[in-house]
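Notes follow once the structure below has been shown.
Values quoted throughout were computed directly from the atomic coordinates according to the rules given, and no laboratory measurement underlies them. All figures in this text were calculated on a predicted structure; none of them were measured in a lab. Cβ: placed from backbone, ideal geometry, glycine included. Neighbour counts: every protein chain shown.
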């Protein structure tokens with residue numbers, strides 16, 4: 001199974017949202033990382049065939065997804081970043097409706113809906129109207145609908161937004177158990193989510209793919225560039241902030257502990273530490 | 001597909017706004033159609049006035065007294081009687097306009113229950129009240145039905161609008177031929193259920209507007225509430241999903257309009273009764289060229305109404321698939337539906353007038369008296385047929401476009 005994206009471009013008047021994006025995706029979990037406006041959502045929508053690219057092509061197993069039509073959508077699951085529900089539908093009705101649109105027979109749909117409601121912990125709320133749901137509950141319902149057809153390609157745009165830490169852990173486990181032999185692409189601002197479940201990370205900036213690799217590969221590039229150092233007064237913190245990319249500032253007693261990404265040792269007392277994905281994200285996206 | 005249609009219907013009925021509109025319009029329709037009965041007036045021989053059900057009973061009794069086949073002899077007798085009364089100075093008085101006319105007593109005793117009949121017969125001899133009959137030379141009046149045909153022919157040949165436009169020769173032939181096929185002699189009896197139903201029939205447009213309000217968000221609601229992002233990525237979201245929306249809209253429109261239609265008919269018929277179905281529609285206008293009974297004309301009108309409904313539903317769905325905001329869809333819909341209310345049209349010769357005749361408010365009901373025709377190549381179609389053809393065509397084209405637009409919709 002392969003999803004190949006070839007020089008995909010989306011242009012809105014004067015703005016290029018996605019710029020000649022190419023990649024070949026094999027089964028695995030892909031974390032799409034990028035700042036707001038980097039083009040992640042536009043890219044995902046084009047993969048889902050709900051936005052037309054200005055140029056470029058997306059092929060599933062060598063065939064253009066446009067020509068595959070229903071056959072492509074049959075193996076697709078999508079959780080959009082912002083989307084609406086039918087407030088007067090119950091959770092069960094909503095999932096049954098989407099299941100019908102996904103072509104599941106009534107019997108199969110009932111089994112799958114009950115199974116997913118249990119997985120996303122909405123079993124007791126199945127007969128409640130969606131308008132009574134909290135943001136997190138709606139998000140869990142959204143995750144359930146995306147997985148109804150056991151999709152081979154699962155696209156999740158900010159799936160963990162609105163979920164509490166416990167739910168996020170549950171979601172990560174769900175994706176990990178689900179992703180075997182499937183292509184899962186997820187975008188998130190919560191870097192730790194990607195760190196835990198992504199096999200490969202795709203970093204996007206201004207519509208372009210600027211980096212890809214496993215978390216280990218990407219972090220390897222940062223090895224020796226992440227420092228922990230102590231500053232003793234406000235003036236020194238200010239000076240370091242102007243000069244380096246500061247990842248974290250932590251005040252403790254009369255001193256300030258700083259986490260800095262830099263190729264050079266920022267201070268005499270700086271100690272080299274293990275980089276993480278947050279360092280990578282901020283190193284690439286912090287505006288200087 | 002059944003499940004999808006069920007959920008689409010659920011979406012329509014789940015909206016509180018829709019329920020309010022549906023119920024309000026039902027009450028409004030029942031009220032408007034009942035008014036023809038509750039406000040009905042009749043006067044007896046002594047000049048005493050009655051209103052509502054009592055007036056209807058009195059009127060029915062009066063009509064029954066003069067009911068029967070309108071043979072040539074019967075019509076001549078009626079005219080002769082009128083002339084005799086008018087020619088007798090004892091029967092004449094000065095009316096409120098200062099004109100000489102039959103006195104109130106004679107009017108109440110003789111003319112009151114015959115006025116509809118005589119006014120209608122008078123159309124063959126002139127346009128004005130019953131004056132044509134009063135001065136008619138009965139010596140030369142051999143056959144009423146021949147005179148009627150002659151009059152229709154004259155109207156067809158001489159009709160022209162302010163720009164001098166007339167019927168084409170083919171149209172003239174069509175109408176003269178159609179008119180000749182009308183069964184005569186006419187039978188006269190009580191038909192007020194039908195005539196009063198027809199006098200308010202256009203008000204069913206309220207039901208049409210209610211349906212448009214309810215379905216204006218069928219497609220655009222998905223765009224507006226961003227549910228399109230999920231629906232259009234599902235296997236059948238762009239195909240069966242769109243078809244289900246269309247089917248559900250039509251089921252909803254058909255059921256609701258049928259409820260409105262039946263309520264309207266019942267509101268009138270419960271007051272006036274449904275009798276008169278076998279009588280010719282010429283009792284409404286003697287010059288009508290359509291060979292139809294009242295019952296047939298009602299069926300014909302129901303078919304026309306459904307054709308208009310289906311066309312407008314198709315158009316609404318197309319607009320809904322194209323425009324993100326349901327309010328905009330609704331505004332366009334209402335403009336199309338209500339435009340003819342503000343424009344008066346008399347002839348059907350100019351292209352704009354011909355189009356106006358086909359606009360929903362004018363087209364939803366036909367009284368089968370207008371001789372408006374459309375030339376499509378060598379074929380001549382009269383207004384009712386053209387209405388059906390037009391709205392069914394609109395429906396087919398609009399639905400193809402709606403489905404295509406929705407399936408190609410790009411999320412924002």
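Quick check on segment B:243-258. Is at least one of its residues assigned to a loop (DSSP other than H, G, I, E, B), surrounded by fewer than 19 Cβ atoms within 10 Å (Cβ to Cβ) and within 14 Å of chain A (Cβ to nearest Cβ)? Give the derivation first.
The first filter runs over segment B:243-258 and keeps only residues assigned to a loop (DSSP other than H, G, I, E, B), leaving none.
No, every residue in segment B:243-258 fails to be assigned to a loop (DSSP other than H, G, I, E, B), surrounded by fewer than 19 Cβ atoms within 10 Å (Cβ to Cβ) and within 14 Å of chain A (Cβ to nearest Cβ).
Report, by residue number, each residue of segment B:183-218 that is more than 14 Å from chain A (Cβ to nearest Cβ), in a loop (DSSP other than H, G, I, E, B) and either farther than 15 Å from residue B:282 by Cα or under 14 Å from the mean Cα position of the chain (by Cα) (or both).
Initial filter on segment B:183-218 (more than 14 Å from chain A (Cβ to nearest Cβ)): B:183-216.
Those still in the list that are in a loop (DSSP other than H, G, I, E, B) too: B:183-185, B:189-191, B:216.
Scanning segment B:183-218 gives a single hit, B:216.
For residues in segment B:219-242 being in a helix (DSSP H, G or I) and within 7 Å of chain A (Cβ to nearest Cβ), which is surrounded by the most Cβ atoms within 10 Å (Cβ to Cβ)? Steps first, please.
Here is the first cut: in segment B:219-242, the residues in a helix (DSSP H, G or I) are B:220-224, B:228-231, B:240-242.
Still in the list and also within 7 Å of chain A (Cβ to nearest Cβ): B:229-231, B:241.
Working: B:229: 24, B:230: 27, B:231: 21, B:241: 24.
Across segment B:219-242, the extreme among qualifying residues is B:230.
Among the residues of segment A:68-82, write down those that are in contact (Cβ under 8 Å) with a residue 60 or more places away in the chain and assigned to a loop (DSSP other than H, G, I, E, B).
Initially, segment A:68-82 is screened for residues in contact (Cβ under 8 Å) with a residue 60 or more places away in the chain, giving A:74-81.
The answer is A:74, A:75, A:80, A:81.
Would you mind finding the one in A:97, A:92 that is within 14 Å of chain B (Cβ to nearest Cβ), assigned to a helix (DSSP H, G or I) and crowded, with 23+ Cβ neighbours inside 10 Å? Steps first, please.
Values: A:92 fails: crowded, with 23+ Cβ neighbours inside 10 Å.
Exactly one of A:97, A:92 is within 14 Å of chain B (Cβ to nearest Cβ), assigned to a helix (DSSP H, G or I) and crowded, with 23+ Cβ neighbours inside 10 Å, namely A:97.
Looking at segment A:50-67, can you tell me whether even one residue there is in a strand (DSSP E or B), within 14 Å of chain B (Cβ to nearest Cβ) and out of contact with any helix residue (DSSP H, G or I) (no Cβ under 6 Å at 6 or more places or on another chain)?
No, segment A:50-67 contains no residue that is in a strand (DSSP E or B), within 14 Å of chain B (Cβ to nearest Cβ) and out of contact with any helix residue (DSSP H, G or I) (no Cβ under 6 Å at 6 or more places or on another chain).
Limited to segment A:122-133, what total is found for residues that are loosely packed, with under 15 Cβ neighbours inside 10 Å and more than 21 Å from residue B:11 (Cα to Cα)?
If we filter segment A:122-133 for residues that are loosely packed, with under 15 Cβ neighbours inside 10 Å, which is where we start, we get A:123-124, A:127-128, A:131-132.
Subset that is more than 21 Å from residue B:11 (Cα to Cα): A:123-124.
Residues in segment A:122-133 being loosely packed, with under 15 Cβ neighbours inside 10 Å and more than 21 Å from residue B:11 (Cα to Cα): 2 in total.
Specify which of the listed residues (A:62, A:31) is touching a residue at least 12 places away in the same chain (Cβ under 8 Å) and crowded, with 16+ Cβ neighbours inside 10 Å. Reasoning before the result, please.
Values: A:62 fails: crowded, with 16+ Cβ neighbours inside 10 Å.
Of A:62, A:31, the one residue that is touching a residue at least 12 places away in the same chain (Cβ under 8 Å) and crowded, with 16+ Cβ neighbours inside 10 Å is A:31.
Do you know which of the residues in segment A:100-138 that are under 23 Å from residue A:172 (Cβ atoms) and part of a loop (DSSP other than H, G, I, E, B) is farthest from the other protein chains (Cβ to nearest Cβ)?
Once the filter is applied, the top-ranked residue is A:121.
Can you pull out the residues in segment A:68-89 that are farther than 13 Å from residue B:229 by Cα, within 7 Å of chain B (Cβ to nearest Cβ) and out of contact with any helix residue (DSSP H, G or I) (no Cβ under 7 Å at 6 or more places or on another chain)?
Of everything in segment A:68-89, those that are farther than 13 Å from residue B:229 by Cα, within 7 Å of chain B (Cβ to nearest Cβ) and out of contact with any helix residue (DSSP H, G or I) (no Cβ under 7 Å at 6 or more places or on another chain) turn out to be A:70, A:74.
Quick check: anything in segment A:255-270 farther than 30 Å from residue A:38 by Cβ, touching a residue at least 40 places away in the same chain (Cβ under 8 Å) and in a strand (DSSP E or B)?
Checked segment A:255-270: no residue is farther than 30 Å from residue A:38 by Cβ, touching a residue at least 40 places away in the same chain (Cβ under 8 Å) and in a strand (DSSP E or B).
May I ask you to list the residues in segment B:371-412 that are outside any helix (DSSP H, G or I) and within 14 Å of chain A (Cβ to nearest Cβ)?
Keep residues of segment B:371-412 that are outside any helix (DSSP H, G or I), which gives B:371-382, B:408-412.
B:408, B:409, B:410, B:411, B:412, listed by residue number.
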